[in-house]
Amino acid sequence: MTEDLTRPGDLTRLSLNQETIKQWSLPELAEGCVKAGVPGVGLWRAPVQEYGVEAAARLIRDAGLTVTSLCRGGFFTAIDPAGRAAALADNRAAIDEAATLGTDTLILVSGGLPPGSRDLFAARERIADALAELAPYAADRGVRLAIEPLHPMYASDRCVVSTLAQALDLAERFPAEQVGVVVDTYHLWWDDTVATQITRAGAGGRLASFQLADWITPLPEGVLLGRGQLGDGSVDFRWFRERVDATGFTGPIEVEIFNPALWARNGAEVLAEVVDRYRTLVL
């Protein structure tokens, strides 16, 4: 008798982002996901480069896993020509790495304000200029660029794209198969327009990635590593999943948590907890 993969609680869409269990090596990540029945992994460039891009692609492929995304490209907001040229070159390399890994999604963190600048609008236009150069290059390699809006607290130094509406305003200048958007619960849970914008993204075929992490307070110093395990904070994950699903999106649901407390624990225990929380809070 074959297993019913549509039953409540199945893991067929679950993906574990590499940073959630950062203490694992790539082979440990592959082995752990296989043992837990998690079919997808989201990868980050630095550890993949350290392991070897082609070797990483073989490892994940031989384990029977799917690379659901590669993070990250972006940081497009430099004003000086040398900085912009370097960013474009690095993003072309990221696109090539994504293609080698077999993922069709490169996550973009677009970049913050350059030193001395206060012009958010000009910074966003430089993002559009970079996308115009990179989107055709990515499409030729079977990779879609996925703009991730980050919570407004990151606008100054990391990402001037703070809302899903802003991400869509940029993405919609390009063909949907070339540029999409990321719905990440950690960054968007606070926005009272997010349901409307999720519908807009789905209608335009722009939903490229759906990621989960919880919002917990107080935030740590530096705020970057303050994401919470599913269920430990303020986010209604099922609410998000139902609205994303209502658009017709059937792609992976990727758990991406940056949290030193999780990194200090046994990786297999963390993954078992992720799976349990996913089944009870997301599905």
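The values are calculated or read from the model by the stated rules, or taken from the named source; none is laboratory data. Predicted, not measured: the structure shown is a model, and the values here were computed from it. Every residue, glycine as well, gets a Cβ built from its backbone with ideal geometry; the counts of neighbours run over all protein chains shown. Just the protein is used for accessible areas: all its heavy atoms, side chains included, with ligands, DNA and RNA removed. Shrake-Rupley method; radii C 1.70, N 1.55, O 1.52, S 1.80 Å.
Taken as a whole, the condition of being part of a loop (DSSP other than H, G, I, E, B) and under 16 Å from CYS71 (Cα atoms) does not apply to PRO220.
Of all residues in the range 109-144, those satisfying the criterion of being of a type in the set (Gly, Ala, Ser), assigned to a helix (DSSP H, G or I) and open to solvent by 10 Å² or more (accessible area, probe 1.4 Å) are ALA122, ALA132, ALA139.
Report whether or not ARG243 is in contact (Cβ under 8 Å) with a residue 24 or more places away in the chain, among the basic types (Lys, Arg) and within 17 Å of GLY42 (Cα to Cα). Walk me through how you get there before you give the answer.
Details: in contact (Cβ under 8 Å) with a residue 24 or more places away in the chain: yes; among the basic types (Lys, Arg): yes; within 17 Å of GLY42 (Cα to Cα): no.
So ARG243 fails the test.
Examine the range 142-151 for a residue that is in contact (Cβ under 8 Å) with a residue 12 or more places away in the chain, over 24 Å from GLY42 (Cβ atoms) and among the charged types (D, E, K, R), and state whether such a residue exists. Before the answer, list the steps.
Restricting attention to the range 142-151, the residues satisfying the condition of being in contact (Cβ under 8 Å) with a residue 12 or more places away in the chain are 142-151.
Going one step further and asking which of them are over 24 Å from GLY42 (Cβ atoms), we end up with none.
Looking through the range 142-151, none of the residues is in contact (Cβ under 8 Å) with a residue 12 or more places away in the chain, over 24 Å from GLY42 (Cβ atoms) and among the charged types (D, E, K, R).
Pairs meeting the criteria (first residue in the range 201-221 and farther than 16 Å from GLY248 by Cα, second residue β-branched (Val, Ile, Thr), beta carbons under 6 Å, at least 6 apart or on different chains) are LEU212/THR185; LEU212/VAL255; ALA213/ILE257; ASP214/VAL235; TRP215/VAL235. Filtered by the rule that a residue be open to solvent by less than 10 Å² (accessible area, probe 1.4 Å), of a type in the set (Phe, Trp, Tyr) and in a strand (DSSP E or B), the range 174-216 gives a lone residue, PHE210.
For the range 111-147, filtering for residues that are out of contact with any Leu (no Cβ under 7 Å at 6 or more places or on another chain) and closer than 22 Å to VAL67 by Cβ leaves 6. Scanning the range 34-85 for residues that are loosely packed, with under 13 Cβ neighbours inside 10 Å and under 26 Å from THR250 (Cβ atoms) yields a count of 4. Checking the conditions here, which among PRO175, PRO218 is of a type outside the set (Gly, Ala, Ser) and within 24 Å of THR103 (Cα to Cα)? None of the others qualify; the one that does is PRO175. Among the residues of the range 126-162, the ones that are closer than 21 Å to GLY204 by Cβ and among the acidic types (Asp, Glu) come to 1 in all.
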